[in-house]
Amino acid sequence: MKGQIGFDNLIDTEKDISAKKTAKEEIDELKEKINYYSKLYYDEDNSPLSDYDYDMMMNRLKALEKENPELITVDSPTQKVGGKARDDFEKVVHEVPLQSLQDVFSYDELYEFDKRIKQTGDTYYCVETKIDGLSCALKYENGILVQGATRGDGQIGEDVTENVKTIKSIPHKLKEPLNITVRGEVFISKEEFDKLNEEREVLGKPLFANARNTAAGSLRQLDPKITKERPLDIYIFNVQKAENKTWNSHYEELNYLASLGFNVVPFRKLCKTIEEAIDAVTEIGENREKLGFGIDGAVIKVDDLSLREKLGSTFKVPKWAVAYKYPPERKETVVKDIICQVGRTGVITPMAILEPVKVAGSTISKTTLHNEDFIKEKDLKIGDKVIIQKQGDVIPEVAEVLKDKRDGSEKDFEMPKVCPVCGAQAVREEGESAVRCTGIECPAKALRNIVHFASDSGMDIEGLGYKIVEQLVDRKLISNIADIYDLKLEDVASLKKNGKKFAQNLIDAIEDSKNRDLANLLSAFGIRHVGNKLAKNLAKKYKTLDNLMNAEMTNLAGESDIGEIIADSIYTFFREEQTLDLIKRLKKAGVNTVSLKEESEDNRFDGMTFVLTGSLTNYTREEASEIIENFGGKTSSSVSKKTTYVLAGEDAGSKLTKAENLGVKIISEQEFEEMIK
């Protein structure tokens, strides 16, 4: 019997070891994943994972560590706050740590929180929106802003003083000469974020993924001028430290900060009981769609500041506050139809038209299907019953197709072969997921096409930037590129108060642009894959626009710097009816369509490839490249064994190192000048 008991104990011990090993393996895996995504989120302002999925991983890790406390290590994400301060910035040691918050995911957990608080004392609760941005501390001496710092790891942050001074809602001087440090959340409003991405789309720049990462990245720019260009805002939600000033209530504290001139978190509600606090949390959840800024939950704080002192904090979180995270809502609906929208860059995006359904506080009647591949991967058909998911302020998405509910009436969807707006050919190039409109006069692309045509990489029309083009298009003074040359002085003058001088300068600049080289015109067209360098080569080879328009596909594809895809793009562009109409109007307006540059007989750099790196003293990169090309040489952006010379200026970087490793000859600016004499 005793032997049997010992054997049973041995089995139990082995089971425990096995269970511990399994727990350790899962903990190690979770730590690795969370640390990876935390680094992206906090240090690189990038978040490919949804907040909910991240929170669920962290919650699972906390549960495992609670069950197995001997497996908790100092490097665990549960023991750390935020990210780390970047070496590019001066470090700031926070006098009062900028802690994180304990997350909760159910109302039961809020009741448990209330129960723990009441063991120490009675209190009201202050409920606030949890702004989705980057936490920041602002320090004032005698009422003057002297320092701004990011949270960093909670103990040490980054000095971003010059950057925070560019944020209009941050007062540089308070209404009272206080020594005070406050904490807030820097963010970009939904409206401003949409405007920012609209402008970037028109300018052909990559779109920002979300407002939170954009705000964080903007505040952590090394150049304050870039920060100033971004529409950053801030909401203050806490006093970190104040000299000769005390309050009894957090709610009272926030109202006082507002009286000093701070932009205080707008939704703040004083609640007598946890039930009232839960009602406030529910209210935020139901109305978060109406908020002008993104949130990632609601914060419930003990209002009594003396009770906060008694409750204290752990290393990572205060014991007197929690953050309620709203779970993603999932609802069933029907895909009534799939239509296509054309973006400002010509990308044709399929959209699901849904049977309206209320999800996460808003009625959803349509959602993006991203691209053709997404529809195929989901095996989605028109008429399908689907699950729509929306978490917080994230765009709703088709999370699941309910294939078992099909009745045979569903229809397959095919991407259009022509643009649904202008009828031009719609193409999908090899290796890409996007289908694009090729029409240069497509109304959906008008703003983008006009801005690009007038830019310094196109016809270089000074004064005709994004904001002016936007006004001209909005007022229906122009609707396509050719309309630029029909503008009248009075049309332009109407854009600005006392705008006659501005109008005359712009009309003169438009007139002057008619004399640009053919290379400028080819680049200004915005032909897919044709940048400045290729435009110059095409102008040099074909001499006139008519010659290039009449070039056969086989001739184009035979060029050394043109592959089949690029050749097809050029060939297709010049056979679109819209392109022919535009060129006809440009010629009628007097726009030059021939190469104005005389071909040099000196081909001393023929067969040579140069790579430029660092800063040159006497030339811009463009000027040096043009000189090389005029002498028959080529320039490249990367160093390889085929590179003839690397022209190195001051502060040359990795290209110089690679050239040394490959044995490529490196020349100075002085040596370059000797070569071109």
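Across segment 250-277, what is the number of residues that are among the β-branched types (Val, Ile, Thr) and out of contact with any Asp or Glu (no Cβ under 9 Å at 6 or more places or on another chain)?
Let us first name the residues in segment 250-277 that are among the β-branched types (Val, Ile, Thr), namely 264-265, 273-274.
From the residues that got through so far, the ones that are out of contact with any Asp or Glu (no Cβ under 9 Å at 6 or more places or on another chain) too are 264.
Here the count works out to 1.
Residues checked against (1) assigned by TED's automatic domain parsing to the domain that holds ASP194; (2) touching a Pro at 6+ places or on another chain (Cβ under 6 Å); (3) surrounded by fewer than 17 Cβ atoms within 10 Å (Cβ to Cβ); (4) of a type in the set (Gly, Ala, Ser):
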| residue | (1), (2), (3), (4) |
| --- | --- |
| LYS385 | no, no, no, no |
| LYS390 | no, yes, no, no |
| ILE395 | no, no, yes, no |
| VAL398 | no, no, no, no |
| MET415 | no, no, yes, no |
| CYS422 | no, no, no, no |
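Quickly run through segment 627-648 and pick out the residues that are among the polar types (S, T, N, Q), closer than 30 Å to LYS597 by Cα and not in a helix (DSSP H, G or I).
Answer for segment 627-648, where residues must be among the polar types (S, T, N, Q), closer than 30 Å to LYS597 by Cα and not in a helix (DSSP H, G or I): THR635, SER636, SER637, SER638, THR643, THR644.
Tally up the residues in segment 586-606 that are without any contact (Cβ under 8 Å) to a residue 24 or more places away in the chain and either surrounded by 11 or more Cβ atoms within 10 Å (Cβ to Cβ) or in contact with a Phe, Trp or Tyr (Cβ under 9 Å, 6 or more places away or on another chain) (or both), please.
Total meeting the criteria: 2.
Under 9 Å between Cβ atoms, which residue pairs at least 6 apart in sequence (or on different chains) link something in segment 472-485 that is within 11 Å of PRO443 (Cα to Cα) with a partner that is among the β-branched types (Val, Ile, Thr) and surrounded by fewer than 20 Cβ atoms within 10 Å (Cβ to Cβ)?
SER479/VAL473
On the given criteria, is LEU556 at pLDDT 95 or above, in the same structural domain as PHE453 (by TED's automatic domain parsing) and over 32 Å from the mean Cα position of the chain (by Cα)?
no
Can you tell me how many residues in segment 590-646 are of a type in the set (Lys, Arg) and touching a Leu at 6+ places or on another chain (Cβ under 7 Å)?
Step one: filter segment 590-646 for residues of a type in the set (Lys, Arg), giving 597, 604, 621, 634, 641-642.
From the residues that got through so far, the ones that are touching a Leu at 6+ places or on another chain (Cβ under 7 Å) too are 621, 641.
The number of residues fulfilling the criteria is 2.
Would you mind finding the one in LEU196, LEU178 that is modelled with pLDDT of 90 or more, under 24 Å from ALA446 (Cα atoms) and not small (Gly, Ala, Ser)?
Answer to the check: LEU196.
When you go through ILE468, ILE395, ILE440 one by one, which is the residue that is within 27 Å of LYS331 (Cβ to Cβ) and modelled with pLDDT under 95?
ILE395
Looking at the structure I just gave you, is LEU534 at negative phi, free of Cβ contacts under 8 Å to residues at least 40 places away in the same chain, buried (at least 17 other Cβ atoms within 10 Å of the Cβ) and assigned by TED's automatic domain parsing to the domain that holds PHE453?
Details: at negative phi: yes; free of Cβ contacts under 8 Å to residues at least 40 places away in the same chain: yes; buried (at least 17 other Cβ atoms within 10 Å of the Cβ): yes; assigned by TED's automatic domain parsing to the domain that holds PHE453: yes.
Criteria met by LEU534.
With segment 330-440 as the region, which strands (runs of 3 or more DSSP E) entirely inside it contain at least 1 residues that are within 30 Å of SER189 (Cβ to Cβ) and of a type outside the set (Gly, Ala, Ser)?
Ranges flagged: 347-359, 362-368, 385-390, 397-401.
Enumerate the pairs (first residue in segment 174-191 and surrounded by fewer than 24 Cβ atoms within 10 Å (Cβ to Cβ); second residue anywhere and basic (Lys, Arg) and not in a loop (DSSP other than H, G, I, E, B)) with beta-carbon separation below 6 Å, excluding pairs fewer than 6 apart on the same chain, so at least 6 apart or on different chains.
THR181/LYS139; THR181/LYS241
Out of the strands (runs of 3 or more DSSP E) lying entirely within segment 106-160, which hold 1 or more residues that are touching a Phe, Trp or Tyr at 6+ places or on another chain (Cβ under 6 Å)?
125-131, 156-158
Tell me which residues, restricted to segment 265-294, are closer than 18 Å to VAL104 by Cβ and modelled with pLDDT under 95. Let's see the steps before the verdict.
The first filter runs over segment 265-294 and keeps only residues closer than 18 Å to VAL104 by Cβ, leaving 269, 271, 273-285, 288.
Residues satisfying the conditions are THR282, GLU283, ILE284, GLY285, ARG288.
Checking the condition in contact with a Lys or Arg (Cβ under 8 Å, 6 or more places away or on another chain) and either in the same structural domain as SER638 (by TED's automatic domain parsing) or modelled with pLDDT of 95 or more (or both), which residue from ALA589, ALA539 passes? Full working, then the answer.
Details: ALA539 fails: either in the same structural domain as SER638 (by TED's automatic domain parsing) or modelled with pLDDT of 95 or more (or both).
Step by step, each of ALA589, ALA539 is checked, and only ALA589 is in contact with a Lys or Arg (Cβ under 8 Å, 6 or more places away or on another chain) and either in the same structural domain as SER638 (by TED's automatic domain parsing) or modelled with pLDDT of 95 or more (or both).
For segment 543-560, give me the residue count where each residue is of a type in the set (Ser, Thr, Tyr) and in contact (Cβ under 8 Å) with a residue 40 or more places away in the chain.
Count: 1.
For the list (1) out of contact with any Phe, Trp or Tyr (no Cβ under 6 Å at 6 or more places or on another chain); (2) under 21 Å from VAL591 (Cβ atoms); (3) surrounded by 17 or more Cβ atoms within 10 Å (Cβ to Cβ), I need the number of the one condition that VAL451 fails.
Status for VAL451: all satisfied but (1).
Could you tell me whether VAL334 is touching a residue at least 24 places away in the same chain (Cβ under 8 Å), in contact with a Pro (Cβ under 8 Å, 6 or more places away or on another chain), farther than 30 Å from ARG448 by Cβ and not assigned by TED's automatic domain parsing to the domain that holds ASP194? Full working, then the answer.
Details: touching a residue at least 24 places away in the same chain (Cβ under 8 Å): yes; in contact with a Pro (Cβ under 8 Å, 6 or more places away or on another chain): no; farther than 30 Å from ARG448 by Cβ: yes; not assigned by TED's automatic domain parsing to the domain that holds ASP194: yes.
In short, no.
Take segment 161-206 and flag every residue that is in a loop (DSSP other than H, G, I, E, B) and among the hydrophobic types (A, V, I, L, M, F, W, C).
ILE167, ILE170, LEU174, LEU178, ILE188, LEU203 - these are the residues of segment 161-206 that are in a loop (DSSP other than H, G, I, E, B) and among the hydrophobic types (A, V, I, L, M, F, W, C).
Go through segment 609-626 and report how many residues are part of a helix (DSSP H, G or I) and surrounded by fewer than 17 Cβ atoms within 10 Å (Cβ to Cβ).
Selection size over segment 609-626: 4.
Out of the residues in segment 261-281 that are closer than 24 Å to SER189 by Cβ and not hydrophobic (A, V, I, L, M, F, W, C), state the one that is surrounded by the most Cβ atoms within 10 Å (Cβ to Cβ).
Going through segment 261-281, the residues closer than 24 Å to SER189 by Cβ turn out to be 261-269, 280-281.
From what is left, the residues that are not hydrophobic (A, V, I, L, M, F, W, C) are 261, 263, 266, 268-269.
Working: GLY261: 16, ASN263: 17, PRO266: 13, ARG268: 20, LYS269: 18.
Here the residue is ARG268.
Filter segment 649-677 down to the residues that are in a helix (DSSP H, G or I) and farther than 10 Å from VAL639 by Cβ and list them by number.
Matches in segment 649-677: GLU669, GLN670, GLU671, PHE672, GLU673, GLU674, MET675.
Please list, ordered by residue number, the helices (runs of 4 or more DSSP H) wholly in segment 215-323 having 1 or more residues that are farther than 30 Å from ASN197 by Cβ, of a type in the set (D, E, K, R) and in contact (Cβ under 8 Å) with a residue 60 or more places away in the chain.
So the answer is 274-287, 305-311.
Taking only segment 354-383 into account, find how many residues are surrounded by fewer than 15 Cβ atoms within 10 Å (Cβ to Cβ) and closer than 16 Å to GLN341 by Cβ.
Summing the residues that are surrounded by fewer than 15 Cβ atoms within 10 Å (Cβ to Cβ) and closer than 16 Å to GLN341 by Cβ in segment 354-383 gives 1.
Give the number of residues within segment 336-353 that are buried (at least 17 other Cβ atoms within 10 Å of the Cβ), under 21 Å from SER409 (Cα atoms) and among the aliphatic types (A, V, I, L, M).
Selection size over segment 336-353: 2.
Could you say which residue among LYS118, LYS62, LYS139, LYS66 is surrounded by fewer than 18 Cβ atoms within 10 Å (Cβ to Cβ) and at pLDDT 95 or above?
Every option except LYS118 fails the conditions.
Could you tell me whether segment 338-357 includes any residue that is closer than 25 Å to THR282 by Cβ and not aromatic (Phe, Trp, Tyr)? Walk me through it before giving the result.
Keep residues of segment 338-357 that are closer than 25 Å to THR282 by Cβ, which gives 356-357.
Next, only the ones that are not aromatic (Phe, Trp, Tyr) stay: 356-357.
Scanning segment 338-357, I find at least one residue that is closer than 25 Å to THR282 by Cβ and not aromatic (Phe, Trp, Tyr), so the answer is yes.
Can you pull out the residues in segment 202-212 that are under 25 Å from LEU291 (Cα atoms) and either among the aliphatic types (A, V, I, L, M) or in contact (Cβ under 8 Å) with a residue 40 or more places away in the chain (or both)?
Within segment 202-212, LEU207, ALA209, ASN210, ALA211, ARG212 meet the criteria.
The values are calculated or read from the model by the stated rules, or taken from the named source; none is laboratory data. The structure presented is a predicted model; accordingly, all values stated were derived computationally and were not measured. Using ideal geometry, Cβ is built from the backbone for each residue, glycine included, and neighbour counts are taken over all protein chains shown.
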